[in-house]
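As structure tokens, the structure follows; a few thoughts come after it.
Nothing in this text is a laboratory measurement; each read-out follows from the coordinates by a stated rule. Small disclaimer: the values here were computed from a predicted structure and weren't measured. Because the Cβ atoms are built from the backbone with ideal geometry, glycine has one as well, and the counts that use them run over all protein chains shown.
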Amino acid sequence: MMGQDSRVYNPQVKICGLTDIREAVACEELGVDAIGFVFYPKSPRNLTEEQAREICRALGSDVRKVGVFVNESYDDIIRKIEYCGLTAVQLHGRETPELVEKLKAIKVTVIKALFLESQPSFKNAKDYHPSAFLVEWGDGKLPGGNAFIWDWSKTATLERSCPVVLAGGLTPDNIGLAVSEAKPDAVDVSSGVEFEPGRKDLEKVKLFLSTVSRNGINRKTKKVF
């Protein structure tokens, strides 16, 4: 579960949309905090339960295994958690506050996405009580992973009742600015470290991690993963 302390940490890093077992293991070895698996058929990063289970079994206990869901039912989410060995869920659609509470009741970390240009919006933060919020723009063909750069400073308008994960358009080149503007507790990158959808460029991952570290020193953040 998410830690409740607020010591000085660098923002944590989640690499999302992995589909290749070797790249997932390499990302863990590079020191990422969490790895995301997309269970959304319309996404080019969608993978099967069998693929996710194989990758999760190859990873150690220190890295968080996050299932990304879009408007799935409680029963389907629970089945994937148990079958794949997920340790956290990210709800990236129009899921209800009731679903968030129901999932939290089984002692799983629940990250709820809020959008600047879609629903649920930043203004809906008061309706939810997740383990953490993920914030991004939300104006694209997909719920996430559109690679759109947005005004990360708008994160300041969010009422921070829990830790915040920044996503949307992040790359090794702009993550320093994004961290400075949004002051997130964690960051989530997918297309910004890829050579094709679902396949990660490990040199980009390494550069992303080192840039987050340089720009996150002495920031008071909360652990998400």
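Each of Ile81, Cys27, Gly168 was scored by the projection of its Cα onto the charge dipole of the stretch 12-216, and the greatest displacement toward the positive side belongs to Ile81; charges sit on the C-beta of Lys, Arg, Asp and Glu. Of all aspartates and glutamates in the structure, those lying under 18 Å Cα to Cα from Lys123, and not within fewer than 8 positions of it along the same chain, are Glu95, Glu98, Glu136, Asp139, Asp151, Glu159. In order along the stretch 184-191, the Karplus-derived 3J(HN,Hα) couplings, from 6.51 cos²θ - 1.76 cosθ + 1.60 at θ = phi - 60°, round to x, 7, 8, 10, 10, 10, 9, 5 Hz, and Gly and Pro are given as x. Computed over the stretch 68-142, the alpha-carbon pair-distance distribution with 10 angstrom bins reads 20, 55, 23, 2, each value a whole percent.
Which value in nm describes the separation of the simple spin-label points at Ile106 and Arg22, placed 7 Å from the Cα toward the beta carbon? So the label points at Ile106 and Arg22 sit 3.4 nm apart. When shorter helices are ignored and each DSSP H run of at least 4 residues is given -39500 (n - 2.57), the per-residue value for the chain at 222 nm works out to -8000 deg cm²/dmol.
At 7 Å along the Cα-to-beta-carbon direction for both Arg199 and Glu29, put a label point, then send me their distance in nm to one decimal. Simple spin-label model gives 1.9 nm for this pair.
Spin-label pair Ser61-Tyr83: with each label point 7 Å from Cα along the Cα-Cβ axis, the two points sit 2.6 nm from one another. Converting the Cα gyration tensor eigenvalues of the stretch 1-116 into ellipsoid dimensions via √(5λ) gives semi-axes, longest first, of 21, 19, 13 Å.
Would you kindly calculate the mean projected area, averaged across all directions, of the convex hull enclosing the Cα atoms of the chain, in square nanometres? Mind dumping the intermediate values first?
On the way: hull surface 41.6 nm².
Computing the convex hull of the Cα atoms and averaging its projections yields 10.4 nm².
Of all lysines in the structure, the ones whose alpha carbon falls short of 20 Å from that of Lys80, not counting any fewer than 8 places away in one chain, are Lys14, Lys42, Lys65, Lys102, Lys104, Lys107, Lys112.
Got the relative contact order for the stretch 83-225 handy, in percent, Cα pairs under 8 Å and 6 or more residues apart? Intermediate values should be presented prior to the final figure.
Working: 236 pairs, mean separation 25.8, N = 143.
Taking the mean separation of contacting Cα pairs over the length of the stretch 83-225, I get 18 percent.
Treat every Asp and Glu Cβ in the stretch 12-216 as -1 and every Lys and Arg Cβ as +1, leave all other atoms uncharged, and give the resulting dipole magnitude about the Cα centre to the nearest 20 debye. Spell out each step's value before the answer.
Numbers: 26 positive and 30 negative charges, 54 e Å.
It works out to roughly 260 debye.
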